[in-house]
Amino acid sequence: MKNAIRATAAPLHIVVVHNTTQQDITATLSCITEGAGYPNTVSVVDIAGDAPSRAFLHSAYEAGIVRNLVTVLTPQPPAVPVLQILGTVEAPYAFVMHSGMLFHTSGWLADMLGSMLNSRAPALACFAAAKENGTDAATAPRCEAVVSPNALSSMLCDAGAAVLATRHALERLDIFSLRGLTGLSPDTLHSADIAARETRRQAVQNLQ
């Protein structure tokens, strides 16, 4: 992998997994910059491997649209670079989506975050809603609470849904701490939290 890591803290960390076309990643980044409605830092995991995508993402990185860029040079499961990049940015919330996924309503990310906080869910799986009848009218994305650590882990690399999760939820996954999402108070510091923070610190050092 080739890594370009520039941001290590953010109010919300968006990870875009790119494995389609340059047109798809262009549209998805525009969707984020023009309509998210919540401050964020964008990281991209490029596993597409085509020259147009790499050239575009390099330009987006140089322009500051993409703050962190991981380019996968050899075939490997997408979970590996996705989980690595998730661990490099200290953010209370993370949002994982795939290139070609578009959300049409203004302030869509702020709305999703509000829904997650109001429902007290550790994570949401969100599905993009298409514009109705080819017009500019758009419906809000459909979101469902995710409470199972196994479901959350598998959804992080599922191109069918975007996932919004708290840092606490991610720290309860095997990728950080071998803990589940339930059974421990999010306000109680324990060895899993300490181990997760050490994992992130080491990941940042390894990628820089």
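Points to keep in mind about this one:
- Taken together, Ser43, Ser59 contain a single residue that is part of a helix (DSSP H, G or I) and either surrounded by fewer than 18 Cβ atoms within 10 Å (Cβ to Cβ) or small (Gly, Ala, Ser) (or both), which is Ser59.
- Search result, residues across the stretch 162-181 that are touching a Pro at 6+ places or on another chain (Cβ under 6 Å), surrounded by fewer than 21 Cβ atoms within 10 Å (Cβ to Cβ) and modelled with pLDDT under 70: Gly180
- Members of the stretch 98-113 found to be crowded, with 23+ Cβ neighbours inside 10 Å and over 17 Å from Leu124 (Cβ atoms), listed by number: Ser99
- Listed conditions (1) among the aliphatic types (A, V, I, L, M); (2) out of contact with any Phe, Trp or Tyr (no Cβ under 8 Å at 6 or more places or on another chain); (3) closer than 26 Å to Pro141 by Cβ are all met by Leu109, apart from (2).
- Filter result (of a type in the set (S, T, N, Q) and in contact with a Ser or Thr (Cβ under 8 Å, 6 or more places away or on another chain)) within the stretch 4-59: Thr8, Asn19, Thr20, Thr21, Gln22, Thr28, Ser43, Ser53
- Conditions (1) within 27 Å of His104 (Cα to Cα); (2) surrounded by 19 or more Cβ atoms within 10 Å (Cβ to Cβ); (3) not β-branched (Val, Ile, Thr): number failed by Pro52: (2)
- Inter-residue pairs, beta-carbon under 7 Å, first closer than 17 Å to Gln76 by Cα and in the stretch 40-61, second of a type in the set (Val, Ile, Thr) and in a helix (DSSP H, G or I), 6+ apart: Val45/Val82; Val45/Ile85
- Which listed residue, of Thr26, Thr41, Thr33, is of a type in the set (S, T, N, Q), at pLDDT 90 or above and touching a Phe, Trp or Tyr at 6+ places or on another chain (Cβ under 9 Å): Thr26
- Each residue in the stretch 28-49 was checked for being within 16 Å of the chain's Cα centre (by Cα), of a type in the set (A, V, I, L, M, F, W, C) and over 19 Å from Leu109 (Cβ atoms), and 1 pass.
- Single residue of the stretch 1-40 satisfying the filter (among the small types (Gly, Ala, Ser) and assigned to a loop (DSSP other than H, G, I, E, B)) that is surrounded by the most Cβ atoms within 10 Å (Cβ to Cβ): Ala36
- Output for the stretch 71-93, where each listed residue is surrounded by 23 or more Cβ atoms within 10 Å (Cβ to Cβ) and assigned to a strand (DSSP E or B): Tyr93
- Residue within the stretch 137-145 that is modelled with pLDDT under 80, surrounded by 19 or more Cβ atoms within 10 Å (Cβ to Cβ) and in a helix (DSSP H, G or I) present: no
- Residues satisfying the stated conditions in the stretch 62-83, i.e. in contact with a strand residue (DSSP E or B) (Cβ under 9 Å, 6 or more places away or on another chain), in contact (Cβ under 8 Å) with a residue 60 or more places away in the chain and more than 24 Å from Ala145 (Cα to Cα): Arg67, Asn68, Leu69, Val70, Thr71, Val72, Leu73, Pro81
The values are calculated or read from the model by the stated rules, or taken from the named source; none is laboratory data. This structure is a prediction, so every number in the text was calculated from the model and none was measured. Note: ideal-geometry Cβ built from the backbone for every residue, glycine included; neighbour counts use all protein chains shown.
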